Amino acid sequence: VQASQSLRRLRVAITVDDLPGVVPPGSTVDHQQVVTALVSTLRGHGVRHATGFLNGEGIERDPAQRAAMDTWVEGGFEVGNHTY
């Protein structure tokens with residue numbers, strides 16, 4: 001009984017590095033699909049809080065990457081700066 005009570009109080013930080021994802025040239029998957037799948041999966045498992053660390057240069061130069069990160073934020077998750 002004590003173990004299950006302590007597990008209920010357990011807090012885990014969920015972080016995702018390198019959002020909106022690393023998509024190789026010529027890939028059949030784009031940044032939007034990566035982020036949409038992540039948001040859907042996290043929400044499907046009841047995750048309410050997660051932080052995605054992004055690469056700022058990609059967001060700055062590529063509107064598609066920025067749009068993908070908008071999806072992350074609209075999903076209710078936080079954004080952190082991984083590198084710039």
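The values are calculated or read from the model by the stated rules, or taken from the named source; none is laboratory data. Being a predicted model, the structure only gives us computed values, none of them experimental. Here the Cβ is made from the backbone with ideal geometry for all residues, glycine too, and neighbour counts use every protein chain on show. Surface areas here come from the heavy atoms of the whole protein model, side chains and all, with no ligands, DNA or RNA. Shrake-Rupley method; radii C 1.70, N 1.55, O 1.52, S 1.80 Å.
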Item to check | Filtered residues of segment 43-78 (kept if aliphatic (A, V, I, L, M) and either in contact with a Ser or Thr (Cβ under 7 Å, 6 or more places away or on another chain) or open to solvent by less than 60 Å² (accessible area, probe 1.4 Å) (or both)) | outcome: VAL47, ALA50, LEU54, ILE59, ALA64, ALA67, ALA68, MET69
Next on the checklist: Looking at GLY80, GLY76, GLY58, GLY52, can you tell me which residue is free of Cβ contacts under 8 Å to residues at least 60 places away in the same chain and either in a strand (DSSP E or B) or in contact with a Gly (Cβ under 8 Å, 6 or more places away or on another chain) (or both)?
Outcome noted: GLY52
Next on the checklist: Of all residues being exposed (fewer than 13 other Cβ atoms within 10 Å of the Cβ) and in a loop (DSSP other than H, G, I, E, B) in segment 7-22, which is modelled with the lowest pLDDT? Just the residue, please.
Outcome noted: ARG9
Checklist entry - Within segment 23-42, is there a residue that is surrounded by 12 or more Cβ atoms within 10 Å (Cβ to Cβ) and in a strand (DSSP E or B)? => result no
Checklist entry - Which of the residues spanning segment 26-49 are in contact (Cβ under 8 Å) with a residue 24 or more places away in the chain and farther than 18 Å from ALA13 by Cα? => result ASP30, HIS31, GLN32, VAL34, VAL35, THR36
